[in-house]
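**Student:** Sharing a structure here in structure tokens format.
None of the figures in this text is laboratory data; all of them are computed from the coordinates on show. Predicted model only: the values in this text are computed from it and were never measured. Cβ coordinates were reconstructed from backbone atoms using ideal geometry, including for glycine residues, and neighbour counts include every protein chain displayed.
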Amino acid sequence: MRLSEPFPTIETLVRLVGEAGQRLAEIEASEGAAGNISIYVGWDIDPRPVFPDSQPVELPIAAPELEGFGFLVTGSGRRLREIAGDPGANLAFVMVGPGGRHGTLFSSPHRLFQRPTSEFNSHVAVHRDQVMRNNLNFHAIIHAQPLHLVYLSHVPRYQETFSMSRSLLRWQPEAIVNLPDGVGFLPFLLPGSPEMMLGNVRLMRDHRVVVWGKHGVMARSDVSVKRATDLIEYAETGARYEYLNLSNHGLADGLTAHELRQICDAFHVEQKFF
Ligand code: 13P
């Protein structure tokens with residue numbers, strides 16, 4: 001979908017990213033400075049009311065199609081839970097310049113980081129891919145590290161999209177309604193590497209949440225940054241149930257395939273896992 005006018009202001013976007021960061025910390029998906037958030041803003045926006053300083057910046061990949069638009073993004077090494085209390089210390093805005101390889105980094109004079117997140121290559125590449133494929137003017141991406149999802153990603157039987165998805169979607173009716181495409185699984189790759197970036201682009205085409213093996217998750221939404229947060233929460237809740245069941249001798253069966261299909265019929269959900 002595309003957002004329609006009136007578009008949110010930079011102040012509103014900053015507030016929503018802060019609230020998302022707090023929620024991610026509340027659900028134990030952002031220990032220390034783990035995790036990062038970015039929003040693609042595909043309309044004319046002036047970042048200077050929040051980010052008055054500017055300097056040239058090189059983008060991690062060329063995004064010529066996004067020229068004139070930009071990304072609100074977390075700084076590398078910053079804590080997601082502290083964004084709300086001091087957005088200028090923790091966020092920046094990167095405006096894409098002519099040709100798409102360079103741009104302008106807008107930031108606050110009291111920013112507490114040198115550069116955008118170390119995963120910015122994956123963020124920009126997935127934003128660009130989704131914006132181009134789906135004609136979007138807004139797109140939110142979150143990387144977080146929810147405890148139970150990451151734990152399951154260390155267990156061989158979950159290291160694959162089909163088995164991970166079936167295991168997470170069977171515990172609550174909401175899960176399959178909100179994650180009908182399941183959860184993609186990307187085997188461990190070096191954080192921030194080009195391989196990681198390409199893997200994210202490919203898997204985020206088919207899934208709104210992708211588990212990064214032995215590391216974390218990436219989630220996307222073309223509706224809101226809080227919607228991306230919700231998707232992480234649904235997936236992590238499924239992982240908590242699965243973990244509970246593992247540590248309880250597999251006592252519970254979860255929703256049966258028949259029950260899940262009943263839910264999908266009633267809510268007009270198309271899925272391929274049950
Ligand atoms: P940044 O602080 O550079 O965003 O890195 C945090 C992280 O979780 C990397 O995977």
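**Student:** Expressed in whole Å with the largest first, what are the equivalent ellipsoid semi-axes of the range 94-147 derived from the C-alpha gyration tensor as the square root of 5 times each eigenvalue?
**Tutor:** 21, 19, 10
**Student:** So, in nm, how far is label residue 251 from label residue 46 when the simple model puts each one 7 Å beyond its Cα toward the Cβ?
**Tutor:** 6.2 nm
**Student:** With the cut-off at 19 Å, report for the range 158-241 the share of all Cα pairs above it, as a whole percent.
**Tutor:** When all Cα pairs of the range 158-241 are counted, 31 percent exceed 19 Å.
**Student:** Can you tell me which of 51-63, 68-80, 248-260 comes out highest on packing, and rank the rest after it, using the mean Cβ neighbours within 10 Å?
**Tutor:** Peptide ranking by packing, descending: 68-80, 51-63, 248-260.
**Student:** So how strong a dipole does the chain carry about its Cα centre when Lys and Arg Cβ are +1 and Asp and Glu Cβ are -1, to the nearest 20 debye?
**Tutor:** Magnitude of the dipole: close to 360 debye.
**Student:** Go through 56, 95, 71 and say which Cα lies farthest out towards the positive end of the charge dipole of the chain; charges sit on Cβ, +1 for Lys and Arg, -1 for Asp and Glu.
**Tutor:** The one lying farthest along the dipole's positive direction is 56.
**Student:** Okay, helix-only estimate at 222 nm for the chain: each DSSP H run of n ≥ 4 adds -39500 (n - 2.57), divide by all residues, round to 500 deg cm²/dmol; what do you get?
**Tutor:** Helix-only estimate at 222 nm: -11500 deg cm²/dmol.
**Student:** About the Cα centre of the range 31-148, what is the dipole size in debye to 20, counting +1 per Lys and Arg Cβ and -1 per Asp and Glu Cβ, all else neutral?
**Tutor:** 160 debye
**Student:** Same structure, new question: Before anything else, pin down the relative contact order of the chain: Cα pairs under 8 Å, at least 6 apart, normalised by residue count, whole percent.
**Tutor:** Value for the chain: 20 percent.
**Student:** Turning to a different aspect of this structure: Can you tell me how much longer the chain between residue 134 and residue 266 gets when fully stretched, taken as 0.36 nm per residue apart minus their C-alpha distance, in nm with one decimal?
**Tutor:** Length difference between fully extended and current span is 44.8 nm.
**Student:** While we're on this one: Which ³J(HN,Hα) values, rounded to whole Hz and listed in residue order, are derived for the range 200-212 from phi using the Karplus coefficients 6.51, -1.76 and 1.60 in 6.51 cos²θ - 1.76 cosθ + 1.60 with θ = phi - 60°, glycine and proline given as x?
**Tutor:** 5, 4, 5, 6, 6, 5, 9, 9, 8, 10, 10, 8, 8
**Student:** Considering the options 145, 237, 188, tell which one lies farthest towards the positive end of the dipole of the chain, charges being +1 on Lys and Arg and -1 on Asp and Glu at the Cβ, about the Cα centre.
**Tutor:** Most positive-ward Cα: 188.
**Student:** Can I ask one more? Check which residues have an amide H placed less than 5 Å from residue 137's amide H, if you skip close sequence neighbours.
**Tutor:** 3
**Student:** In debye to the nearest 20, how big a dipole does the range 131-198 give about its Cα centre with +1 on each Lys and Arg Cβ and -1 on each Asp and Glu Cβ?
**Tutor:** Working: 4 positive and 4 negative charges, 23 e Å.
For this selection, approximately 100 debye.
**Student:** Also, I was wondering about something else. Quick one, can you get me the convex hull of the C-alpha atoms of the range 58-104 expressed as volume per residue in Å³?
**Tutor:** Details: hull volume 3.4 nm³, N = 47.
Spelled out: Cα convex hull of the range 58-104, divided by residues, is 73 Å³.
**Student:** May I pose another question? Explain nothing, just compute: Karplus ³J(HN,Hα) = 6.51 cos²θ - 1.76 cosθ + 1.60, θ = phi - 60°, for every residue of the range 19-32 in order, whole Hz, x for Gly and Pro.
**Tutor:** For the range 19-32, the Karplus curve yields 5, 4, x, 5, 5, 4, 5, 4, 8, 6, 10, 8, 5, x Hz.
**Student:** Write down the percent of antiparallel bridges among all DSSP beta bridges whose residues are both part of the chain, to the nearest 5.
**Tutor:** Antiparallel bridges make up about 90 percent of those DSSP assigns within the chain.
**Student:** Next up: Output needed for the chain: three equivalent-ellipsoid semi-axes, defined as square roots of 5 times the C-alpha gyration tensor eigenvalues, in descending order, whole Å. Please list the in-between numbers first.
**Tutor:** Values: eigenvalues 219, 71, 56 Å².
After diagonalising the Cα gyration tensor, the semi-axes are 33, 19, 17 Å.
**Student:** Also, I was wondering about something else. Taking the Cα of residue 202, stepping 7 Å toward and past its beta carbon, and measuring to each backbone N in the range 138-173: which are under 19 Å?
**Tutor:** The answer is 159-165.
**Student:** Okay, next question. Using the Cα atoms as the points, what is the convex hull volume per residue of the range 80-203 in Å³?
**Tutor:** 155 Å³
**Student:** How big is the Rg/Rh ratio for the range 194-274, C-alpha atoms only, Rh by Kirkwood, two decimals?
**Tutor:** Reported Rg/Rh, Kirkwood definition of Rh: 1.02.
**Student:** Ok, one more. For a protection proxy built on the mean count of beta-carbon atoms within 10 angstrom, sort 106-112, 262-268 highest first, please.
**Tutor:** 106-112, 262-268
**Student:** Regarding the range 117-186, what's the average projected area of the Cα-atom convex hull, expressed in nm²? Provide the component values of the computation, followed by the final result.
**Tutor:** Details: hull surface 23.8 nm².
Its Cα hull, projected and averaged over all orientations, spans 6.0 nm².
**Student:** Given C-alpha coordinates of the range 166-205, what is the ratio Rg to Rh with the Kirkwood estimate of Rh? Show your work: numbers first, answer last.
**Tutor:** Details: Rg = 13.0 Å, Rh = 11.7 Å.
Result: Rg/Rh = 1.11.
**Student:** Across 5 Å bins from 0, what is the distribution of all Cα-Cα pair distances for the range 1-111, in whole percents?
**Tutor:** 2, 13, 22, 23, 19, 15, 6, 1, 0
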